[in-house]
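Contents: one structure, followed by commentary.
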Ligand SMILES: *Cc1c(COP(=O)(O)O)cnc(C)c1O
């Protein structure tokens, strides 16, 4: 059986986890967490990076720091994982879903402005498959209307837009280190700040509402309950796992990219014959090979293709059911404008197995599986 995903591991994880235990500092913000922070700051150019317990909790922090309150509206794509929405619903926000572009499956920047009302506070963009949204246009709209931009960059660690790391372009960036993502700590994530303006607020929010981080930096003689917060910092044991991956950042990146390119080249003839569609990477976007997906003609063809692959021992999966048509989406939001692409494209998309360390033999079997479905 070729699995759809295998969680990344480099071999050093048990060594670093044992070290974290020997350090007698297994709570949050220990030595491994600090190493991860510095690495990610350097890699992305963010002014500050904070590990969190999940990508979802990084999004929750972004919603809190955006000062979202009951009745405020948040614009987001309907084609995303529900965490993008949950974080804002937790603050009492109403969701306003906007259609996607069929080429990247990202929010259609030309349809955002029509969805803005006097209650809109935030535009939450999702860089699907690690491919950037049109950030120049989106930032321009946000600045003109006085809105904050939250980047759900859960899938976009190591991706760039016109040379800028994703997660550092808007007001807040959110990474995920879930086991299905390019770099993992089991469950985990990170909040990225483009400047230090919100540093104190972010640290207070992450540390149960205390100003402990300032105190430990020596900026204050005591620490106290300063504002509303929660516990968003992960154990240093988890950070030790992540460190083993970050240390081999490029190797993991290159390995995934090689598989991505192998799929893309091998499936080109099917695309050129008009049998499938493959991914579009727009000018100026450098992606991270988070995902390789193809698009079948329609839902029926995709269902048949999944069964065909399964019979060959290959697990290919689809996602997401558009949020606006899910029970929670109906309860918490509305679709602004017309759903031209969201539902239609979501029914055609199929993700092929792609993970760090997938063998060339397995990749070749997947390619052959797709080919044999279309050419018989
Ligand atoms: C994975 C993912 C999340 C959630 O991340 P977790 O670490 O699982 O909480 C949020 N948004 C998107 C687009 C994701 O792919």
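For this structure, a couple of remarks:
- Check on residue 122, surrounded by 21 or more Cβ atoms within 10 Å (Cβ to Cβ), more than 13 Å from the ligand (Cβ to nearest atom) and part of a strand (DSSP E or B): yes
- Cβ separations smaller than 7 Å between residues 6+ apart or across chains give no pair from the stretch 49-60 residues that are within 9 Å of the ligand (Cβ to nearest atom) to residues that are at pLDDT below 95 and in a helix (DSSP H, G or I).
- In summary, residue 64 fulfils each of the numbered conditions (1) in contact (Cβ under 8 Å) with a residue 40 or more places away in the chain; (2) out of contact with any strand residue (DSSP E or B) (no Cβ under 8 Å at 6 or more places or on another chain); (3) closer than 24 Å to residue 326 by Cα; (4) assigned to a helix (DSSP H, G or I) with the single exception of condition (3).
- Meets criteria (surrounded by fewer than 24 Cβ atoms within 10 Å (Cβ to Cβ) and near the ligand (Cβ under 9 Å from one of its atoms)) for residue 168: no
- Any hit, the stretch 263-278, residues being out of contact with any strand residue (DSSP E or B) (no Cβ under 8 Å at 6 or more places or on another chain), at pLDDT 95 or above, under 22 Å from residue 179 (Cβ atoms) and crowded, with 17+ Cβ neighbours inside 10 Å: no
- Meets criteria (in contact (Cβ under 8 Å) with a residue 24 or more places away in the chain and either within 22 Å of residue 183 (Cβ to Cβ) or buried (at least 24 other Cβ atoms within 10 Å of the Cβ) (or both)) for residue 89: no
- Criterion: surrounded by fewer than 23 Cβ atoms within 10 Å (Cβ to Cβ), in contact (Cβ under 8 Å) with a residue 60 or more places away in the chain and more than 16 Å from the ligand (Cβ to nearest atom) - qualifying residue of 223, 160: 160
- Matching residues in the stretch 80-117 - criterion: being farther than 27 Å from residue 284 by Cα, assigned to a helix (DSSP H, G or I) and more than 13 Å from the ligand (Cβ to nearest atom): 89
- Selection status of residue 76, crowded, with 21+ Cβ neighbours inside 10 Å, over 17 Å from residue 171 (Cβ atoms) and in contact with a helix residue (DSSP H, G or I) (Cβ under 8 Å, 6 or more places away or on another chain): no
- Of all residues in the stretch 171-182 being crowded, with 24+ Cβ neighbours inside 10 Å and in contact with a helix residue (DSSP H, G or I) (Cβ under 7 Å, 6 or more places away or on another chain), the one that is nearest to residue 47 (Cα to Cα): 172
The values are calculated or read from the model by the stated rules, or taken from the named source; none is laboratory data. Note that the structure is predicted; figures quoted are calculated from it, not measured. For neighbour counting, all protein chains shown are included, and Cβ atoms are generated from backbone atoms with ideal geometry for every residue, glycine included.
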